[in-house]
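Right, one structure below, let's go through it.
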Amino acid sequence: MGVELVQSMTHERVDHSFQSPLHLLAAYQHGVRRDGESCVEGVPRSKLRNVAKKLTFVPAGNHYREWYEIVVEYQRSSATFDGGFSETSSFTAAFRKITGLTPGRYHRALG
């Protein structure tokens with residue numbers, strides 16, 4: 001498992017990209033985008049402006065791309081973890097039960 005903290009204070013364009021045999025879970029603590037989008041392979045792009053208290057899950061093997069220009073400070077914590085889960089795994093079943101969603105890109109309020 002790996003953990004990363006991304007904090008942006010610049011109003012210039014910032015780009016992030018991720019593709020790995022690991023799953024990625026990104027938790028946005030703060031952030032309002034003036035412009036930008038998040039995109040996970042196989043699902044529609046998100047142009048959500050206020051990303052504070054939102055989650056994005058990227059299944060292992062999928063490409064994730066995000067770019068933004070911020071209005072206020074942007075802070076995101078990301079965790080990567082073993083991609084040994086299959087569509088029939090207990091992780092996938094638990095994810096569906098808790099969220100009601102199939103693993104993919106989504107934004108869900110934390111509080």
Out of the residues in the range 16-56 meeting the condition of being of a type in the set (Asp, Glu) and in a strand (DSSP E or B), tell me which one is farthest from Val6 (Cα to Cα). Asp35
It is to be established whether one or more residues within the range 57-64 are in a loop (DSSP other than H, G, I, E, B) and either more than 18 Å from Ser20 (Cβ to Cβ) or modelled with pLDDT of 90 or more (or both). yes
Would you confirm, using the coordinates I've provided, whether His30 is touching a residue at least 12 places away in the same chain (Cβ under 8 Å) and loosely packed, with under 14 Cβ neighbours inside 10 Å? no
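The values are calculated or read from the model by the stated rules, or taken from the named source; none is laboratory data. On a predicted model such as this, the values are computed, not experimentally measured, just so you know. Cβ: placed from backbone, ideal geometry, glycine included. Neighbour counts: every protein chain shown.
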